[in-house]
Amino acid sequence: MTKATALINARIYVDWHNPPVEALHLERGLVRLAGTNRQILSVSPDSTKKFDMQGMTIWPGLCDAHLHLEHLSNQLASINCEGLSKAEILELVRLKAQSLPNGAWIIGFGFNQNDWTPPEYGTAQELDAVSAHNPVLLHAKSLHAAWVNTQAMRIAGIDPKSPNLPADTFLKEKDGSAKGILLEHAIEQIAKCIPQKSPRQLANDLLETQAYLHSLGITSVHEFDDIALANALLTLNAQDKLRLRVMKNMRLNSWDLITQGDYRQTLNAGNYLRAGWLKLFADGALGPQSAAMLAPYENTQNKGILLMSEKEIESVGLNALEHGWSLSIHAIGDLATQTSLNAIERINRAKTSHNNTSLLPHRIEHIQALDPADLSRFNALGVVASIQPVHATSDHLVAERLWGERCQHAYAYKSLQDSGAELFLGTDAPVEIANPFHTLYAAITRQTLAGEPNPDGWYPAQRLNMHQALDGMTVNPARYFGTPAQTGTLKPGSNADFIVLEKDPFILSPIEMAKIKPVMTWVAGKCVYTS
Ligand SMILES: [Zn+2]
């Protein structure tokens, strides 16, 4: 029989709406009782393992309601060049090359030659000197330039000595040969030569990503990558190695495989893996001005690109519902959100007779620009607003430039909350760092970590309070897991998933809170991470 566990002398938030308690009694992966030290000790026989938490704070484990585990795994397995000098990067490439079999790719992200002395790009020869047998592809922070070695170019069929390489995408040495710096679509020519990971490799990488997320305080996620990742999750789950509760969303472009493999059933595979939503794209993004807008971007005629019409979303949605899938629609521009809401309204009308209570609510991802007239429709139509608060603070300059006055209704988290919409909070990692305390900080301050754009935050009326933000990072996204035990709370009967923090974030300043690193993370009553 599994031993029971008692945690005493802590400051435990069972949820966000009741005062903290002192102690928890855990058994078989669940919280059995939450109460005073005395209450917990009185139900704990001598055989109970007891932990004195010495006044530390315990929160329910946090959920990231929008991230990409495969992309995040790839990023974690690559070299992080951010903030490093050229010499430091070359040293990391040398070490990586030593640890890998010949021929395996070395990928890196985030170098910025403008910060180097002198502020000049590196060369293919410099990379060749530290990695003679492994192709190297290092992406610049801008993602518009990449630094490669000779082997990477050869694999991509690029002859560095060829006089025919286009000068606008290949920087050249004085003798006319390729320098090893590629711009724009020449990068794609190399990137597409990198072989797909084997399912086993992907599953292995996923274990590292799981450990990384535990270290940040994340115990559950809603995941948005494709079918290969679904298979990797199924593998880990079958091996009983999954210790992150994952709602796996699937992509419309894999629809045939989804229905053939009956992933709706297959993914509902126990306490750690559940089938989520079907993901569609209604538009593009802000930066490339491809988010679909009701009116043109500032000082242009461009209104972006609507990728699916109302009719198309409606027909995909009705078909998806027949197979048990509700929709998760990527919509960044105000036209994309409006079109998505219109389509959902039509789907709801067609489906009122159907009344299948096991279906998930539809959700819209990002909702960056929003026509204020559409605010009340989220609640009215039962659509979840899935938002990424760090996007607001990292986008604010671009948004001001491209959307002007419309920014007062953009990233309108508090307005959505006040309208009665249910909020999910996430990061879109690896687009933003998966740190939930950064999300919380951005949501309540509307500032970057450097305090920009001003002490009140960007459009401060759109700040959420801690409780609202935390609901969106726990109970709201956790509610739909559909497992017998709840997650996102520590009420008796819930999963014993929680994080241990040295200090209570509620009494810290926002910037101190943003720097929190959990001391421990527990999943199903077992410690899965210690700092
Ligand atoms: Zn995403």
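Taking 18 Å as the cut-off for C-alpha to C-alpha distance, list the pairs among K3/K241; K3/K50; K49/K491; K241/K526 that go past it. Could the numbers behind the result be given before it?
Numbers: K3/K241 21 Å; K3/K50 10 Å; K49/K491 20 Å; K241/K526 13 Å.
As for pairs spanning more than 18 Å Cα to Cα, those are K3/K241; K49/K491.
Output the 0 to 90 degree angle, nearest 10, between the alpha-carbon long axis of helix 436-445 and the longest principal axis computed from the alpha carbons of the chain. Relative to the chain, helix 436-445 is tipped by roughly 90 degrees.
Our note on the geometry: Cα centres of segment 155-169 and segment 450-514, 50 Å apart. The mean sequence separation of alpha-carbon pairs under 8 Å and at least six residues apart, normalised by the residue count of the chain, gives a relative contact order of 17 percent. For E188 and D168, the difference between the fully extended length at 0.36 nm per residue and the C-alpha to C-alpha distance is 5.7 nm. Please work out the FRET efficiency for the pair E452 and K503, using the Cβ-Cβ distance as r and a Förster radius of 30 Å; give the result to the nearest 0.05. After rounding to 0.05, the efficiency reads 0.75. Relative to the longest principal axis of the C-alpha atoms of the chain, give the angle of the C-alpha long axis of helix 86-99, reported between 0 and 90° and rounded to the nearest 10°. With rounding to tens, the tilt is 70 degrees.
Sequence-distant contacts, meaning Cα pairs under 8 Å at least 6 residues apart, place the relative contact order of segment 282-464 at 18 percent. For segment 282-464, taking Cα atoms only, Rg and Dmax work out to 16.3, 52 Å respectively.
Beyond 30 Å between alpha-carbons counts as too far, so tell me which of K86/K248; K279/K503; K86/K279; K86/K192 fall in that bin.
Pairs exceeding the cut-off: K86/K248; K279/K503; K86/K279.
Taking N as the residue count of segment 191-266, its C-alpha radius of gyration divided by 2.2 N^0.38 Å amounts to 1.15. Within the accessible surface of the chain, defined with a 1.4 Å probe on protein heavy atoms only, the carbon and sulfur portion equals 51 percent.
Of all DSSP-defined beta bridges confined to the chain, some 40% are antiparallel rather than parallel.
Accessible surface area normalised per residue over segment 106-191 is 48 Å², counting heavy atoms of protein chains with a 1.4 Å rolling probe.
Return an integer: the convex hull volume of the alpha-carbon atoms of segment 183-319, in Å³ per residue. Display every interim value, and only then the final one.
Details: hull volume 24.0 nm³, N = 137.
Spread over its residues, the Cα hull of segment 183-319 gives 175 Å³ apiece.
Inverting the pair-averaged 1/r between distinct Cα atoms of the chain gives 24.9 Å as its Kirkwood hydrodynamic radius. Based on protein heavy atoms only, segment 425-531 ends up with 39 Å² per residue of surface accessible to a 1.4 Å probe.
If the Kirkwood radius is taken over C-alpha pairs of segment 106-191, then at 25 °C and 0.890 mPa s the Stokes-Einstein diffusion coefficient equals 193 µm²/s. Annotation for segment 44-75 versus segment 215-269: alpha-carbon center distance of 21 Å.
For K303, a cut-off of 15 angstrom between C-alpha atoms picks up these aspartates and glutamates, skipping any fewer than 8 places away in its own chain: D283, D334, D371. The heavy atoms of C527 offer some 60 square angstrom of accessible surface to a 1.4 angstrom probe.
Principal-axis analysis of the Cα atoms of the chain puts helix 310-322 at an angle of about 50° to the longest axis.
Excluding ligands, DNA and RNA, the accessible surface per residue across segment 266-424 is 37 Å² with a 1.4 Å probe. Note on K161: aspartates and glutamates with a C-alpha under 12 Å away, same-chain residues under 8 apart excluded, are E173, D175.
Rounded to the nearest 5, what % of DSSP beta bridges with both residues in segment 106-191 are antiparallel?
Beta bridges within segment 106-191, antiparallel portion: roughly 60 percent.
Largest first, the residues S142, S328, S309 sort by 1.4 Å accessible area into S142, S309, S328.
Could you work out the helix-only [θ] at 222 nm for the chain, with each DSSP H run of four or more residues adding -39,500 (n - 2.57) and the total divided by the number of residues, to the nearest 500 deg cm²/dmol? Don't skip to the answer; put the middle values down first.
Working: 19 runs with 173 residues, N = 531.
After summing the helix terms and dividing by residue count, I get -9000 deg cm²/dmol.
For V528, the residues 5 or more places off, or on other chains, whose built amide H falls under 5 Å of its own are T521, W522, V523.
T445 exposes around 10 Å² of accessible area when a 1.4 Å probe is run over every protein chain in place.
Bridging of K311 to aspartates and glutamates at a Cα separation below 13 Å is possible for E345, once same-chain residues fewer than 8 apart are set aside.
The values are calculated or read from the model by the stated rules, or taken from the named source; none is laboratory data. Since the model is a prediction, treat every value here as computed from it, not as a measurement. Every residue, glycine among them, receives a Cβ derived from its backbone with ideal geometry; neighbour counts consider all protein chains shown. Note: areas computed on protein heavy atoms with side chains; ligands, DNA, RNA excluded. Shrake-Rupley method; radii C 1.70, N 1.55, O 1.52, S 1.80 Å.
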